[in-house]
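Structure first, commentary second.
The values are calculated or read from the model by the stated rules, or taken from the named source; none is laboratory data. Owing to the predicted nature of the structure, the values given are computational and were not obtained by experimental measurement. Here the Cβ positions follow ideal geometry from the backbone for every residue, glycine too, while neighbour counts run over all protein chains shown. The area values use the complete protein model at the heavy-atom level, side chains included, leaving out ligands, DNA and RNA. Shrake-Rupley method; radii C 1.70, N 1.55, O 1.52, S 1.80 Å.
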Amino acid sequence: MPEIDKPQIIIDDTTLRDGEQTAGVVFSLEEKIRIARMLDEIGIGELECGIPAMGREEQASVRALVDLGLSARLITWNRAVISDIQASIDSGVPAVDISLSVSDIHIRHKLRKDRSWVKEQLKKSLGFAKQHDLYVSVGGEDASRADLDFLVELMTIARDLGADRFRFCDTLGILDPFTTHDKVKYLADRVDLDLEVHTHNDLGMATANAIAGIRGGARFVNTTVNGLGERAGNAALEEVVMALKHACGIDLSIDTGRFHELSRLVGQASCRPVPEWKAVVGEKVFSHESGLHADGVIKYSGNYEGYDPAEVGLSRYLVVGKHSGSSGLRDRLGRLGICIGDAEVASLLERVRRMAQARKGSLSDLDLAQLYSDSRKVA
């Protein structure tokens with residue numbers, strides 16, 4: 001695929017804000033500090049780290065992150081309300097996201113206001129934030145269902161008042177990648193203001209939509225580790241970074257070798273274990289059982305692996321089961337220090353397949369060693 005001809009793409013990871021908004025998830029301060037430090041160490045440019053308006057405990061938590069002196073810029077989430085922004089100022093952050101509903105559905109049925117009220121609220125809150133020298137992202141909640149020309153109007157107001165970027169939010173995760181691209185491009189072509197995409201995974205397209213938004217002209221992208229977030233979650237950090245690198249030719253110079261470690265940290269802290277088959281960071285995403293695939297990957301990893309497992313802190317594992325072939329079985333036995341000829345492999349493979357069929361699963365090293373030992377006794 002052709003490379004995206006764009007300035008530097010910046011990840012704004014919101015694990016500590018939208019990730020913690022996952023129903024039932026709570027991070028301790030110690031966990032927040034560990035997560036923030038690791039995100040910073042691997043090279044994430046910006047961390048959305050909390051909602052100071054929630055109260056003193058949240059403000060103290062944000063302040064503790066500020067005091068770490070991270071290289072990443074810390075940004076907080078706020079309603080378009082002056083008291084929210086003041087709470088962020090009191091927490092010591094240099095940047096704020098000012099969120100306001102922008103779709104007619106939300107304006108009418110959530111805010112019970114009109115478009116004029118939204119514009120005035122934007123002017124008041126943004127003006128206050130810029131008076132205090134804050135970096136400001138204007139967050140368009142439910143932007144994916146908003147009138148595009150109204151978004152252009154809001155973006156123009158935001159740009160003229162000194163906003164630094166506009167966040168296009170697919171709040172309900174209802175878009176497909178083609179529509180996301182077209183909507184973001186429509187805005188990028190009409191207003192000279194940096195764009196950010198914030199996508200949700202309700203239809204399983206958060207990562208695809210994030211990439212499509214970047215292709216449409218966005219320079220900033222929201223992610224969460226493991227795809228944590230409201231309902232079905234957000235675009236997963238590890239998926240977006242690796243998709244940009246391997247599908248789009250954009251290397252963000254992030255230390256992806258620690259993705260597995262980071263994923264496990266967030267999985268434990270959120271009490272949401274990472275599925276073994278989770279894209280990019282699942283324990284078994286580099287497992288091979290099919291005889292054809294195992295043989296191919298043994299000969300040359302690029303036959304059936306799009307990138308080296310070590311890039312994300314994982315390693316290849318050859319599963320022995322119903323669909324195994326002689327190459328995969330021989331490789332696994334070799335790792336156990338067992339070398340056998342073609343005839344023995346063929347005979348043992350029949351036993352392996354029968355056992356896997358009966359168990360409805362794969363065989364362990366102990367199973368293999370026992371089968372081999374039994375076959376030698378019979379011989």
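With a/c under 1.5 counting as rounded, go ahead and sort the stretch 203-269 into rounded, prolate or oblate using the C-alpha gyration tensor (a ≥ b ≥ c being the square roots of the eigenvalues; past the cut-off, prolate if a/b is larger than b/c, else oblate). Taking the square roots of the gyration eigenvalues as a ≥ b ≥ c, the stretch 203-269 is oblate. Taking all protein chains as they are arranged and a probe of 1.4 Å, the heavy atoms of Y307 leave approximately 50 Å² accessible to solvent.
Computed from label points 7 Å out along Cα-Cβ, the spacing between I174 and S373 is 6.2 nm. Only helices enter this figure: runs of n ≥ 4 DSSP H residues, each worth -39500 (n - 2.57), summed and divided by the residues of the chain, yield -13500 deg cm²/dmol at 222 nm to the nearest 500. Counting only Cα atoms, the stretch 55-111 measures 42, 23, 15 Å along its principal axes, largest extent leading. Computed from the C-beta positions of E57 and D104, the FRET efficiency with R₀ = 22 Å rounds to 0.05.
Once the Kirkwood radius over Cα pairs is known for the chain, the Stokes-Einstein relation at 25 °C and 0.890 mPa s delivers a diffusion coefficient of 108 µm²/s.
Sort S71, S116, S99 from largest to smallest accessible area, using a 1.4 Å probe on the heavy atoms of the protein chains.
Numbers: S71 110, S116 70, S99 15 Å².
The most accessible residue leads, giving S71, S116, S99.
The distance linking the stretch 310-344 with the stretch 132-194 is 51 Å (Cα centroid to Cα centroid, whole angstrom). The length gained on full extension between D90 and K299, counted as 0.36 nm times the residue separation minus their Cα-Cα distance, comes to 69.3 nm.
Taken along the Cα-to-beta-carbon direction at a fixed 7 Å, the label points for R359 and R316 span 2.3 nm. Accessible area per residue (1.4 Å probe, heavy atoms of protein chains only) ranks R112, R145, R231 as R112, R231, R145, with the largest value leading. Multiplying the residue separation of R115 and E41 by 0.36 nm and subtracting their alpha-carbon distance yields 22.4 nm. Taking E350, E196, E283 as the candidate residues, the one with maximal mean-square fluctuation in a Gaussian network model of the chain, Cα springs under 10 Å, is E350.
A crude spin-label estimate for the pair D251 and R231, with each label 7 Å from Cα along the Cβ direction, gives 3.8 nm.
With every protein chain kept in the model, how would you rank E48, E311 by accessible area, 1.4 Å probe, largest at the top?
Output order, biggest surface exposure first: E311, E48.
From the square roots a ≥ b ≥ c of the eigenvalues of the alpha-carbon gyration tensor of the stretch 90-211, which class results: rounded (a/c under 1.5), prolate (a/b over b/c), or oblate? In terms of gyration-tensor shape, prolate.
Over the Cα atoms of the stretch 1-124, the radius of gyration divided by the Kirkwood radius equals 1.03; this is the Rg/Rh ratio. Apply the a/c threshold of 1.5 to the C-alpha gyration tensor of the stretch 231-379 and tell me whether it is rounded, prolate or oblate. Taking the square roots of the gyration eigenvalues as a ≥ b ≥ c, the stretch 231-379 is prolate.
Solvent-accessible area of V297, all protein chains in place: 0 Å² (probe radius 1.4 Å, heavy atoms, ligands and nucleic acids excluded).
Take every DSSP beta bridge whose two residues both sit in the chain; close to 5 percent of them are antiparallel.
Filter K322/K360; K183/K278; K110/K183; K284/K360 down to the pairs with a C-alpha to C-alpha distance above 20 Å, please.
Numbers: K322/K360 8 Å; K183/K278 29 Å; K110/K183 23 Å; K284/K360 17 Å.
Going by Cα-Cα distance, K183/K278; K110/K183 fall outside the 20 Å limit.
Taken over the alpha carbons of the stretch 76-141 as equal point scatterers, the Debye sum produces base-10 log I(q)/I(0) values at 0.13, 0.21 Å⁻¹ of -0.33, -0.77.
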